[in-house]
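Input: a single structure, listed below in structure tokens.
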Amino acid sequence: MISVVIPTLNAGRTLPATFLSIFDAAVEGIVSEVIVSDGGSTDATRQIAEEAGARLIVAERGRGQQLRAGADAARKPWLLFLHADTALDAGWTNEALAFMKRGKGAAAFRFRLADEGFNPRLLERLVAVRCALFRLPYGDQGLLISRDLYDEVGGFAPIPLMEDVEIVRKLGRTRLAMLKTNAVTSAERFREQGYIRRSARNLWCLSLYLRGVPPEKLVERYG
């Protein structure tokens, strides 16, 4: 029923948790195939993917390119795009199945960081406000979308950055639902760079993209 697509690049530390979060759904037959679209990993990512029984494809490096290649290889009527450092909370399939029964559509999960303290909880609340007001989830919230709708909007653009924002804008508010299940993402980059600095960088990149700066230029400046 669902093809899961996971773009990877040296994701060996976090990928096992992502696999574990979809394991029960695979056993139950809800997830029929898992595709790892790798952009040239030099760590144990490919070995982990193969040992987990995922279908491994090699794509041009860049999340947009990798997501698009993974979707092109997928064969099921629903697609679930997950980042390699994101794990869905237990029980996600119940909400996903209820949503899928409605027919063609798209949905993202609730943003959650794998960290404790004031800063991660504040950021989660700010993301929730952004999603409520603008229906603008990022890729680390996952994307569950019917194949028909994915093809209708043209899929992920083969760009190195902002591919998540681009496809969400094409979907529009009326075709994108926000689910209550948490998509728990690693907070490693926030801890390393600082919550304020990382959040400000993300917001600045978004503002430049919305003003028309090409994603390739954003990667050169902030990648």
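The values are calculated or read from the model by the stated rules, or taken from the named source; none is laboratory data. Here the structure is a predicted model, which means the values were calculated and not measured. Virtual Cβ from ideal backbone geometry, glycine too; neighbours counted across all protein chains shown. Heavy atoms of the whole protein, side chains included, go into the accessibility calculation; ligands, DNA and RNA do not. Shrake-Rupley method; radii C 1.70, N 1.55, O 1.52, S 1.80 Å.
Among the residues of the range 181-223, what is the count of those that are part of a helix (DSSP H, G or I), within 20 Å of the chain's Cα centre (by Cα) and either among the β-branched types (Val, Ile, Thr) or at positive phi (or both)?
1
Among the residues of the range 111-120, is there at least one that is aromatic (Phe, Trp, Tyr), in contact with a Leu (Cβ under 6 Å, 6 or more places away or on another chain) and in a strand (DSSP E or B)?
Within the range 111-120, none of the residues are aromatic (Phe, Trp, Tyr), in contact with a Leu (Cβ under 6 Å, 6 or more places away or on another chain) and in a strand (DSSP E or B).
Can we say ASP148 is among the acidic types (Asp, Glu), assigned to a helix (DSSP H, G or I) and open to solvent by 40 Å² or more (accessible area, probe 1.4 Å)?
Against the criterion (among the acidic types (Asp, Glu), assigned to a helix (DSSP H, G or I) and open to solvent by 40 Å² or more (accessible area, probe 1.4 Å)), ASP148 qualifies.
Of all residues in the range 175-214, which are closer than 16 Å to TYR138 by Cα and among the polar types (S, T, N, Q)?
Those that are closer than 16 Å to TYR138 by Cα and among the polar types (S, T, N, Q): THR181, ASN182, THR185, SER186, SER199, ASN202, SER207.
Looking only at residues in the range 163-183 that are among the hydrophobic types (A, V, I, L, M, F, W, C) and out of contact with any Leu (no Cβ under 7 Å at 6 or more places or on another chain), which one is surrounded by the fewest Cβ atoms within 10 Å (Cβ to Cβ)? Steps first, please.
Narrowing the range 163-183 to residues among the hydrophobic types (A, V, I, L, M, F, W, C): 165, 167-168, 171, 176-179, 183.
Still in the list and also out of contact with any Leu (no Cβ under 7 Å at 6 or more places or on another chain): 167, 171, 176-179.
Details: ILE167: 24, LEU171: 20, LEU176: 22, ALA177: 13, MET178: 15, LEU179: 20.
This residue is ALA177.
So which residues in the range 116-138 are open to solvent by 20 Å² or more (accessible area, probe 1.4 Å) and either touching a helix residue (DSSP H, G or I) at 6+ places or on another chain (Cβ under 7 Å) or within 22 Å of VAL31 (Cα to Cα) (or both)?
Hits for the range 116-138 are ASN119, LEU123, ARG135, LEU136, TYR138.
If you check every pair at least six apart or on different chains, which have Cβ atoms under 8 Å apart with a residue in the range 104-115 that is at negative phi first and a residue that is surrounded by fewer than 19 Cβ atoms within 10 Å (Cβ to Cβ) and in a loop (DSSP other than H, G, I, E, B) second?
Close Cβ pairs satisfying both conditions: ARG112/ASP89.
Tally time: how many residues in the range 49-71 are part of a helix (DSSP H, G or I) and either of a type in the set (S, T, N, Q) or buried (at least 20 other Cβ atoms within 10 Å of the Cβ) (or both)?
The total comes to 10.
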